[in-house]
Structure formats: structure tokens, C-alpha cells
Amino acid sequence: MDLPDLAVVISGAGAGRSVTIEPDDPDFTRLERFTTHFDTVTERVPQAWQEGRYPPVVGTVVWGLTGVGGWPQTHRAPGTDTAIERQDQIFLADDGTPWIRTDPAVDTVDDDFRWHHASRADFDRLAGSGLFAPGPRPRSDHKVRWALIGAGAGFALALAPTWLRRFRHPLREPHQQLVDV
């Protein structure tokens, strides 16, 4: 089995920034060691995480293998496709420990995810090179702020017809009607 030779890192900090890394980049080896230095058995995570309530994603790494495919499976020349090998999502626990959630078979719809904690020192090195940037933690007052924004927008929309009528009336021209006698 061939090893991935391409990594696409998508920042989870809300910036939507992505970086493609190839094997000749020093970050490729660091990233590979950071995400694959564990056993094949998943580690136990808090119950809330098992129910889908985990911290915000710090970054996602999609690993690919280039030079695959071709006729008859695709409509391209042999060796021009990229196979997606696996996907790793990186989270930071409340205590600052990096955790990786691995999907070993991205194109299979299943719930086979593997959780592993990783080295904080390795995470810090990768974050220092700009690959990961932790996003802001949600605060409890965010819900109140969004509720107030929503209420204000709803109030403005409710008053919009009144405001529009007030501005349209002075601009109306008298209507003329043609009557056939």
C-alpha cells in the first residue's frame, strides 16, 4: 500500500484558509508524525464528545495519494487522479491537549472514527509554522448577543412596510384614467 504524498490543511479558525503540503516540505513530515503516531485502536473520549459535542475544530488534514486512476475507471489518462486516503480533524481539549479524530476511509459512509491524543509540543510547532490557529472559544454571552441581533432584525423587518409606505406616498403622482365615452 502506498503512503499519502499530499496533505491539504484547512484552518479551523474560521479563516477558511487552506494550504497544500508535499513531501519535500518539512511540515509534511512533522504533520505526518503528528497525525499518525498512535496505535490503530481508538482512545476513550469524554461522553459529550461521543455524542458529537466536542470542542471547535482547530484544523482538518485531508491526505491524498497522487498518480492514481485513469481509464477505464475515470475519463482521464492513467496517473492523473488523486485518491483521498484519510481525513484527520484536530481539536484542543479544555486542558490544551490536542486530539485527533481520524476517518480512515473517507469515501465510505460509516461511523468508523478513531480518536487519539497527540503531542502538545508537535502541535505547537505546527501552529508556529501557521498550519493551525485555534479559533475563539464560544462564550455563553454569544447566545444572548445573537438573540438580541435576531430580535432587532425581526423588529426592523416588521416595521419595514410602514417605513416604505411613508416614503412612497409623497413620491406618488396622481393617477389618470382614460374613460371611453
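Once label points are set 7 Å from the Cα along Cα→Cβ at both TRP71 and HIS37, what is their separation, rounded to one decimal in nm?
Result for the modelled spin labels: 4.6 nm.
Residue-wise, which Karplus ³J(HN,Hα) couplings in Hz belong to the stretch 106-123, taking 6.51 cos²θ - 1.76 cosθ + 1.60, θ = phi - 60°, and x for glycine or proline?
Using θ = phi - 60°, the values come out as 4, 7, 9, 7, 7, 10, 7, 10, 10, 9, 8, 7, 10, 6, 5, 5, 5, 4 Hz.
Quick one: how many Å² of SER129 are accessible to a 1.4 Å probe, rounded to 10?
It works out to around 60 Å².
Could you order VAL9, VAL41 by accessible surface area, starting with the largest, using a probe radius of 1.4 Å?
VAL41, VAL9
The values are calculated or read from the model by the stated rules, or taken from the named source; none is laboratory data. This is a predicted model, so every value here is computed, not measured. Positions of Cβ are backbone-derived with ideal geometry, glycine not excepted, and every protein chain shown enters the neighbour counts. Each accessible area value is taken on the protein alone, full model and side chains, heavy atoms only, with ligands, DNA and RNA left out. Shrake-Rupley method; radii C 1.70, N 1.55, O 1.52, S 1.80 Å.
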